[in-house]
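Data block below; observations after.
The values are calculated or read from the model by the stated rules, or taken from the named source; none is laboratory data. Given the structure is predicted, the values throughout are model-derived calculations rather than measurements. We place every Cβ from the backbone using ideal geometry, glycine too, and count neighbours over all the protein chains shown.
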Amino acid sequence: MLGGMEMRTWIEPVVAGAQLASSFYDTGLLLVVKNYYNQTNSSAHSNENSQQKAISNFFIIYKLLDGLTPLLSAYGLAKLGDLKSRKISICVPLLGYLLSRILLLLLILQMWPIEVMYGAAVLHGLSGGFTTYWASIMALVSKGSSESRRSLRLIVVELIYGIAGFVGSIASGHLFVSFHLSYRHGAVLVSCSVALYAFCLLYSLFVLRVPKTARSCPLASSEPNHPDIKLAEDDGGEPHFHESRSSMVPSKLIIAMLFVAAIMYDSTVVGAMDVLPFFLLKEPLSWGPVYIGYANAAGYLIFITSFLGVFMFSRVFRDTTMIMMGIVSFSAGILIMAFVRWTYLFYVARGVMLFALIPLPTIRSLLSKHIEGTSYGKLLL
């Protein structure tokens, strides 16, 4: 019975299912948009250029709506999650995911105009979006793990996220091409995404249990010289512990710098990755659905290599050193990506980014060690 209750605190099925669904949706949306503008611009003089411009303009507006609307609801949902239950700030975004994906499915089946997806982006954003969802996942994982194991626990969740995305991306291109209803390409792919989001929402509502806060033993810390404890001897010569007063008060400067570093790095990575699909659709690569799926899978493979990097390097290097390794890895890879003209060079650039995802989970772990668990969800936003 106890083991069953403990299993109900596992967030991994939600992470895996939602990311598998997300990888289906990302490939489906990109190719549905491409097909839509390919049909509307079929008589244009410069077909590829006009199509590329239309796709870019669509995704600029879509990403802006999807990224800005969570500002209206994310803080409130995070506060509710802190005060009431973390399930609130997980289930509400999942509901938004589900409804917005249903809109894409209806668009395909009913042949609605592509502008309907702007409404889907707003709906998804107002429900908290990825910002609230992922911050709540990280807060839930941090709450249920000890301080000494937190970095590894967080990167394991990132690993599951990456494996699910890798598998989903590999399958998505084939599903888009091989399975469709009449001429409505993508209907089966998006239906699978909707079904997976429905499963994640039901699991979160009726199965998932919020874990109790794990207590960390100071003497069991993974750090050889724990900064919070000093060994001293009293007048009687017996050893005892004195807590360092400076370590009792979290440094606001350290928290602020970690927070700014996470925002800057995440903005850089997201900005580069948002532009990359447009580059793959046009010459010199001009990739179709299957190769687009492979390209997305190569991106998710970095989650696996980053996990292995943390697993190996955390025994040797400090967290700050691992963060710098990740930043250098991404910077070098994206520099090579700027000059890609052949398929093999794209995968070379992706290969250089092997440890590009180490910084964010490591920064989250450092942040969680400086603040109380009850406010962690709001800070991650």
With respect to GLN19, determine if the residue is modelled with pLDDT under 90 and under 29 Å from the mean Cα position of the chain (by Cα). no
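Yes/no per residue for (1) buried (at least 23 other Cβ atoms within 10 Å of the Cβ); (2) on the phi < 0 side of the Ramachandran plot; (3) under 19 Å from the mean Cα position of the chain (by Cα):
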position	(1), (2), (3)
PHE176	yes, yes, no
VAL188	no, yes, no
SER193	yes, yes, yes
TYR197	yes, yes, yes
Of all the residues that make up region 313-339, how many are loosely packed, with under 15 Cβ neighbours inside 10 Å and either under 22 Å from the mean Cα position of the chain (by Cα) or in contact (Cβ under 8 Å) with a residue 40 or more places away in the chain (or both)? 5
So ARG364, is it crowded, with 19+ Cβ neighbours inside 10 Å and of a type in the set (D, E, K, R): yes
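Go over the candidates ASP82, ASP66 one by one and state the one that is in contact (Cβ under 8 Å) with a residue 24 or more places away in the chain, crowded, with 18+ Cβ neighbours inside 10 Å and closer than 27 Å to SER286 by Cβ.
ASP66 is the lone residue from the list that is in contact (Cβ under 8 Å) with a residue 24 or more places away in the chain, crowded, with 18+ Cβ neighbours inside 10 Å and closer than 27 Å to SER286 by Cβ.
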Where residues in region 99-122 are outside any helix (DSSP H, G or I) and either surrounded by 24 or more Cβ atoms within 10 Å (Cβ to Cβ) or of a type in the set (A, V, I, L, M) (or both), which of them is farthest from the chain's Cα centre (by Cα)? MET111
Tell me the residue from SER56, SER50, SER89 that is of a type in the set (S, T, N, Q), closer than 30 Å to THR9 by Cα and either in contact with a Lys or Arg (Cβ under 7 Å, 6 or more places away or on another chain) or assigned to a helix (DSSP H, G or I) (or both), please. SER89
The listed residue being in a helix (DSSP H, G or I), small (Gly, Ala, Ser) and farther than 19 Å from ALA198 by Cβ, out of GLY96, GLY125: GLY125
Report every pair of residues separated by at least 6 positions or lying on different chains whose Cβ atoms are under 7 Å apart, first residue within region 114-134 and within 21 Å of SER56 (Cα to Cα), second of a type in the set (Asp, Glu). ALA121/ASP66; HIS124/ASP66; GLY125/ASP66
Taking the condition buried (at least 23 other Cβ atoms within 10 Å of the Cβ), more than 23 Å from SER204 (Cα to Cα) and modelled with pLDDT under 85, does SER151 pass? yes
Which ranges mark the helices (runs of 4 or more DSSP H) fully within region 267-381 that have 3 or more residues being at pLDDT below 85? 289-313, 359-368, 376-380
